[in-house]
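Student: What follows is a single structure, and I will ask about it in a moment.
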Amino acid sequence: MAMTQVEKDQVHERARHTSYDVYEIFVQASDLDPHVHVGSLLAPSPEWALQLARENFLRRADAVNIWAVRRSDVHATPDDPDWFAREFDRKYRDVSGYADNARRWKRFKAQAMNIDDVIADVRKE
Amino acid sequence: MPEARREAFMARIRRGEKIEAHDWMPDDYRLLLLRLIHMHAVSEIMGAYPEKEWVPKAPTLRRKMSLMAKVQDEIGHGQLLLRVAEDLAAPLGRDRIELMDDVITGRVKFHNVFHMEAPTWADAGIIGWLVDGAAIITQTALLDCSYAPYARVLKRICAEESFHMQHGESIILSLAEGEPWQREMLQEALNRWWEAILFFFGPPVVTDAARRMMEYRIRSRTNEELRQKFLTRYVPRIRAVGLEIPDSALRFDEEAGLWRYTEPDWERWSRVVRENIGPKSQERIALRRMAHQDQAWVREALVRARTAAVV
Amino acid sequence: MAIEADARVRDAILGGLALQLADEELFLGHRDSEWLGLAPEVEEDVAFASIAQDEVRHAAFWYELAEACGFGQADALAFDRAPSERRHAALCARPNGDWAYTVLRHYLYDAWDAVRLAALAESGDEVWANGARRMLREEHYHHLHMERWVVDLGRAGGEAAERLRGAFAALLPDLPDLAAFAVDPQALVDLGILSRPLADLRRAFVARVEATLSRAGVPVEEIAATLAAHPREGARQAAPHDDAAALLETMNGVRSLGAAVW
């Protein structure tokens with residue numbers, strides 16, 4: 001379903017002759033958040049892209065950082081449904097695969113632990 | 001081969017899958033989307049002009065800032081939609097400069113409402129209240145669009161439109177609660193805008209393009225369905241603030257479950273849009289020419305500056 | 001008695017300063033807002049509109065401060081005062097001109113505003129100091145934005161640089177009045193509102209713009225010269241009304257319809 005390499009090259013070629021570049025904009029809401037893609041804009045340079053990104057994308061949201069990345073520098077997975085294929089269950093590596101722990105602890109008159117309790121406990125004075 | 005590709009694409013559409021910019025798509029899917037989104041983008045930008053006239057004259061500091069923010073949002077929506085249109089147009093060799101030139105050459109159309117005059121402050125209120133109200137309904141109906149980039153941008157646009165709704169209602173509430181001459185100004189503005197707002201949803205005839213867009217799940221509702229939704233929502237509200245709707249034939253037909261109304265002159269309004277012959281069409285296109293073509297020197301300067309030697 | 005009179009004199013001076021700052025921010029923000037839908041590119045239109053809104057927001061802050069000094073209600077101060085009562089620097093009310101004029105005017109105004117806000121931020125009055133500090137932080141983005149415009153237009157050469165130099169020539173005569181106060185700056189220093197005298201602020205202004213304007217290829221040395229030629233030590237004379245009168249007539253286009261709530 002994806003464009004052929006020839007088609008992609010043609011788009012890239014045309015883009016290079018256009019004065020402005022497409023910059024993908026990523027915004028970091030707070031220090032504990034990753035940068036998240038919010039859209040794109042046209043700009044003549046990375047510095048302009050950052051300047052313009054603030055008001056084009058953050059009028060109503062707080063942020064601590066913005067990334068502007070020229071679209072040609074973004075590499076994406078191909079349009080290939082099997083690229084992400086996971087068919088068989090992987091419960092062995094998920095909490096949901098250990099639902100029986102609770103029952104088994106009960107026999108020892110104790111409870112199963114969960115990570116949120118541990119975090120709350122360590123944080124408490 | 002091409003037929004198989006098209007069939008596979010239609011199967012994706014029917015499964016409710018979303019299409020991305022880099023996916024293969026039939027030419028007419030691309031062209032239908034491009035026409036729709038280009039017109040949407042340009043309408044947002046052209047829609048700034050009637051409202052921006054009232055920024056310098058806004059009667060309080062708060063209204064001044066609020067209207068500035070609203071107009072800014074419209075231009076911002078234009079920016080978001082232009083990017084979507086540009087990515088669709090890129091494989092066709094068309095870029096922003098061309099897409100904006102299309103406004104000046106008349107190759108791309110913009111909604112009838114933005115060809116109209118806005119002679120009083122009440123008009124600014126009616127635009128914020130009812131024109132945005134109508135736009136919210138049409139945009140909401142597109143949120144399930146099969147083309148993901150458009151759907152994503154519409155989600156963002158709808159979130160900002162919620163402020164526009166409050167802003168518009170705040171203005172008209174002040175007029176409705178105010179002096180008799182303010183209420184009169186509001187009624188006169190409604191009289192001016194009513195037919196245009198009804199036409200905004202488009203003629204009731206389902207065109208071939210509309211039918212194809214529904215097959216492609218670009219849109220899901222017909223023009224008439226959306227107009228009916230608007231009437232159901234807004235007629236009671238308009239009457240609630242003491243306004244009279246300037247259509248004596250307007251009534252809800254219980255049996256049919258439909259609003260009956262005096263039909264706008266579909267052909268006349270269609271010509272306004274097709275030929276840019278509204279009272280303000282040429283003046284606003286000229287503003288766009290001024291902004292874009294007359295200021296090419298600025299955009300060119302920024303391109304030269306990035307390679308200029310640092311002093 | 002003496003204390004009351006002092007308080008009244010203080011309020012009159014501070015109110016006068018607040019009104020000056022408010023009028024300047026409002027007029028500039030109003031001029032900026034005329035660019036809605038007309039900026040050279042769509043992304044810039046959006047960014048510039050935020051700067052315009054900020055100026056009006058800052059004006060509202062100063063009008064509210066004047067209101068607190070007993071001068072009247074903020075909207076009334078903003079809209080109803082006659083052109084002859086306005087206290088702005090002429091530069092703020094000038095019609096927009098082209099994009100080069102607009103960004104250079106904004107750059108120069110913002111530079112002076114930053115210098116005076118920095119002095120106000122050191123004020124003995126917590127309300128003034130706090131307001132000035134917050135405003136300075138918001139103004140930072142304006143400064144970055146306008147500086148980039150001025151430097152890029154200058155470095156681009158050709159038509160852009162020519163228009164920038166033309167804009168500079170047009171703005172130069174307005175700079176002495178910009179770098180001044182509608183109330184006696186010495187009185188402001190005595191009241192502990194301004195931490196530095198006018199001459200210091202003017203020097204700081206020149207220092208602040210020198211490097212940028214040189215990079216932009218603009219004859220920055222002319223600024224110090226024109227400031228020296230026009231010291232403006234006392235209270236600045238009110239600007240000639242024409243621009244303000246036209247601007248205010250437009251601004252009152254709806255309000256003048258009658259006493260009403262909007």
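The values are calculated or read from the model by the stated rules, or taken from the named source; none is laboratory data. If you're wondering where the values come from, they're calculated on a predicted model, not measured in any experiment. Methodologically, a virtual Cβ is constructed for each residue, glycine included, from the backbone with ideal geometry; neighbour enumeration extends over all protein chains shown.
Student: Regarding B:I197, is this residue within 14 Å of chain C (Cβ to nearest Cβ), part of a helix (DSSP H, G or I) and closer than 22 Å to B:A48 by Cα? Step through it out loud before you land on a result.
Tutor: Details: within 14 Å of chain C (Cβ to nearest Cβ): no; part of a helix (DSSP H, G or I): yes; closer than 22 Å to B:A48 by Cα: yes.
So B:I197 does not fit the description; no.
Student: Using the structure shown, decide if B:A90 is assigned to a helix (DSSP H, G or I), surrounded by fewer than 23 Cβ atoms within 10 Å (Cβ to Cβ) and at the interface with chain C (Cβ under 9 Å from one of its Cβ atoms).
Tutor: Working: assigned to a helix (DSSP H, G or I): yes; surrounded by fewer than 23 Cβ atoms within 10 Å (Cβ to Cβ): yes; at the interface with chain C (Cβ under 9 Å from one of its Cβ atoms): no.
Spelling it out, it is not the case that B:A90 is assigned to a helix (DSSP H, G or I), surrounded by fewer than 23 Cβ atoms within 10 Å (Cβ to Cβ) and at the interface with chain C (Cβ under 9 Å from one of its Cβ atoms).
Student: Another question, if that's okay. If you take the residues in segment B:145-184 that are in a helix (DSSP H, G or I) and among the polar types (S, T, N, Q), which one is surrounded by the fewest Cβ atoms within 10 Å (Cβ to Cβ)?
Tutor: Keep residues of segment B:145-184 that are in a helix (DSSP H, G or I), which gives B:148-177, B:180-184.
In the following step, the residues that additionally are among the polar types (S, T, N, Q) were identified as B:162, B:166, B:170, B:174, B:182.
Values: B:S162: 10, B:Q166: 12, B:S170: 16, B:S174: 19, B:Q182: 22.
Among those that are in a helix (DSSP H, G or I) and among the polar types (S, T, N, Q), it is B:S162.
Student: Another question, then. Look at B:A118 and say whether it is surrounded by fewer than 16 Cβ atoms within 10 Å (Cβ to Cβ), on the phi < 0 side of the Ramachandran plot and touching an Asp or Glu at 6+ places or on another chain (Cβ under 8 Å).
Tutor: no
Student: Further, regarding this structure: Given B:L67, B:L33, which one is crowded, with 22+ Cβ neighbours inside 10 Å and either in contact with a Cys (Cβ under 8 Å, 6 or more places away or on another chain) or under 30 Å from C:A59 (Cβ atoms) (or both)?
Tutor: On the way: B:L33 fails: either in contact with a Cys (Cβ under 8 Å, 6 or more places away or on another chain) or under 30 Å from C:A59 (Cβ atoms) (or both).
Residue meeting the stated conditions: B:L67.
Student: Determine if segment C:42-51 includes at least one residue that is in a helix (DSSP H, G or I), more than 21 Å from B:K70 (Cα to Cα), touching a Leu at 6+ places or on another chain (Cβ under 9 Å) and not aliphatic (A, V, I, L, M).
Tutor: Looking only at segment C:42-51, we keep the residues that are in a helix (DSSP H, G or I), and these are C:42-51.
If we keep only those that are more than 21 Å from B:K70 (Cα to Cα) as well, we get none.
Within segment C:42-51, not a single residue is in a helix (DSSP H, G or I), more than 21 Å from B:K70 (Cα to Cα), touching a Leu at 6+ places or on another chain (Cβ under 9 Å) and not aliphatic (A, V, I, L, M).
Student: Would you be able to say whether some residue in segment A:94-101 is among the β-branched types (V, I, T) and within 30 Å of C:V151 (Cα to Cα)? I'd like the intermediate steps shown before the answer.
Tutor: Filtering segment A:94-101 down to residues among the β-branched types (V, I, T) leaves A:95.
Add one more test, that the residue is within 30 Å of C:V151 (Cα to Cα), and what stays is none.
No - not one qualifying residue is present in segment A:94-101.
Student: So, of the residues in segment A:30-62 that are part of a loop (DSSP other than H, G, I, E, B) and either in contact (Cβ under 8 Å) with a residue 60 or more places away in the chain or within 16 Å of the chain's Cα centre (by Cα) (or both), which turns out to be farthest from the other protein chains (Cβ to nearest Cβ)? Break it down stepwise before answering.
Tutor: So in segment A:30-62, the residues part of a loop (DSSP other than H, G, I, E, B) come out as A:30-34, A:44-45, A:58-62.
Narrowing further to those that are either in contact (Cβ under 8 Å) with a residue 60 or more places away in the chain or within 16 Å of the chain's Cα centre (by Cα) (or both): A:30-34.
Details: A:S30: 18, A:D31: 19, A:L32: 23, A:D33: 18, A:P34: 18 Å.
Ranking the candidates gives A:L32 first.
Student: Would you mind listing the helices (runs of 4 or more DSSP H) fully within segment B:1-85 where at least 2 residues are over 26 Å from the mean Cα position of the chain (by Cα) and facing another protein chain (nearest Cβ under 8 Å)? Talk me through it step by step, then tell me what you get.
Tutor: Working: elements: B:2-14, B:27-46, B:48-52.
Per the criteria, B:2-14.
Student: May I pose another question? Go through C:D80, C:D75, C:D98, C:D54 for me and flag whichever is within 12 Å of another protein chain (Cβ to nearest Cβ), under 21 Å from C:L117 (Cα atoms) and either at pLDDT 95 or above or in contact with a strand residue (DSSP E or B) (Cβ under 8 Å, 6 or more places away or on another chain) (or both).
Tutor: Values: C:D80 fails: under 21 Å from C:L117 (Cα atoms); C:D75 fails: under 21 Å from C:L117 (Cα atoms); C:D98 fails: under 21 Å from C:L117 (Cα atoms).
Selected residue: C:D54, the only one of C:D80, C:D75, C:D98, C:D54 that is within 12 Å of another protein chain (Cβ to nearest Cβ), under 21 Å from C:L117 (Cα atoms) and either at pLDDT 95 or above or in contact with a strand residue (DSSP E or B) (Cβ under 8 Å, 6 or more places away or on another chain) (or both).
Student: Among the helices (runs of 4 or more DSSP H) lying completely within segment C:128-199, list those that include at least 3 residues that are in contact (Cβ under 8 Å) with a residue 24 or more places away in the chain and more than 19 Å from the chain's Cα centre (by Cα). Steps first, answer last, please.
Tutor: Details: elements: C:158-171, C:175-178, C:185-190.
Of the helices (runs of 4 or more DSSP H) lying wholly inside segment C:128-199, those with at least 3 residues that are in contact (Cβ under 8 Å) with a residue 24 or more places away in the chain and more than 19 Å from the chain's Cα centre (by Cα) span C:158-171.
Student: Output the number of the condition that C:L227 fails; it satisfies all remaining conditions of (1) surrounded by fewer than 17 Cβ atoms within 10 Å (Cβ to Cβ); (2) away from every other protein chain (no Cβ under 14 Å); (3) in contact with a Pro (Cβ under 9 Å, 6 or more places away or on another chain); (4) assigned to a helix (DSSP H, G or I).
Tutor: (1) is the only condition that C:L227 fails.
Student: Residues in segment A:98-117: is at least one within 18 Å of the chain's Cα centre (by Cα), assigned to a helix (DSSP H, G or I) and not charged (D, E, K, R)?
Tutor: From segment A:98-117, those within 18 Å of the chain's Cα centre (by Cα) are none; that's our starting set.
Checked segment A:98-117: no residue is within 18 Å of the chain's Cα centre (by Cα), assigned to a helix (DSSP H, G or I) and not charged (D, E, K, R).
Student: Same structure, new question: Kindly evaluate C:R208 against the criterion of being of a type outside the set (A, V, I, L, M, F, W, C), closer than 19 Å to C:R116 by Cα and outside any helix (DSSP H, G or I). Spell out the reasoning first.
Tutor: Values: of a type outside the set (A, V, I, L, M, F, W, C): yes; closer than 19 Å to C:R116 by Cα: yes; outside any helix (DSSP H, G or I): no.
In short, no.
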